[in-house]
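The values are calculated or read from the model by the stated rules, or taken from the named source; none is laboratory data. Just so it is clear, the model here is predicted, and its values are computed rather than measured. Reconstructed Cβ throughout: ideal geometry from the backbone, glycine too, with neighbour counts over all protein chains shown. For the accessible areas, the whole protein counts, side chains as well, though only heavy atoms, and no ligand, DNA or RNA atoms are used. Shrake-Rupley method; radii C 1.70, N 1.55, O 1.52, S 1.80 Å.
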Amino acid sequence: MEADSTGGNMGGKADVEMAENPFEPYIESLRHQLEDQDPVFLIGVIVALAVIVITCVFLKYFLSSKTVRSAVLLVGLCDSGKTLLFTRLLSGKFKRTQTSITDSSAPYKAKNEKSSTWTVIDLPGHDSLRPQYLEKFKSAARAIVFVVDSAIFQKEVRDVAEFLYILLTDTVISRNAPALLVACNKQDITMAKSAKLIQQQLEKELNTLRVTRSAALSSQDGSVGGSVYLGKKGKDFEFSQLPLKVEFVECSARGSKGEEGDADIESLEKSLAKL
């Protein structure tokens, strides 16, 4: 009786093992087949599978990054002319504006053969509002249009440079490397500074800021600064040292003929067409 009981237990265990591993015979058969194959052939199969996986991962990353970053951000100090520029880009018409307290967005069709369409987003310029809106939209930026008031640039050079410093040392912006278009606006005004002069003065001011302000996790005004070092260590700062493409263009959202005339924004539109 004990033998029968023992045999019954063993049979039961075997049945349980078979139930737990229903694919074991197939796995064993596959293992024998692989052992019979040429090692060179097996290596080739493994390499081919690895290439397929890597390609799929790359395509997923590449396509998703292109899809997500389709926004053109209009940023700058208050009264730099961002909102009028936003209106001119979209409709070509003049419209009286006031200081923005929230963002505005609309689709913009670039003037190129592909008729590329981007989402242009006008961000508030007030220093108390910039951080939250920049944080909200920076990851989606394909390009950043930094609007400068060329007529009073000399008075605002420090503030302009500090805002640029925050942008350029931001980790997300540095990693995504959107195009940076510095739009030197209000060129219709006699005292307006040229794009070349604005670039030179900003490089000097940013070089000074780099010395006086460490690239810390947060900036002095509580905005979204980053920890990226600006430019190259041991060299005076130049925009050419940045990981993103930078272009300075002259424009006038108002235009030389005032409210009834057209805007002078052709240079900016050409730059946007290259995105």
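Convex hull over the Cα atoms of the range 134-173, averaged projected area in nm²?
3.0 nm²
Please compute the per residue accessible area over the range 135-272 with all protein chains in place, 1.4 Å probe, rounded to a whole number of Å².
Result: 48 Å² of accessible area for each residue.
Within the range 118-221, what whole-number % of the accessible surface is contributed by carbon and sulfur, with the 1.4 Å probe and all protein chains included in the calculation?
Roughly 50 percent, rounded to a whole number.
Normalised radius of gyration for the range 96-206, please: alpha carbon Rg relative to 2.2 N^0.38 Å, two decimal places.
1.13
Loop-only trypsin sites (Lys or Arg not before Pro) in the range 116-161, please: DSSP not H, G, I, E or B, and at most 13 other Cβ atoms within 10 Å.
none
Relative contact order for the range 234-275: what percent, with Cα pairs under 8 Å and sequence separation of 6 or more?
That works out to 27 percent.
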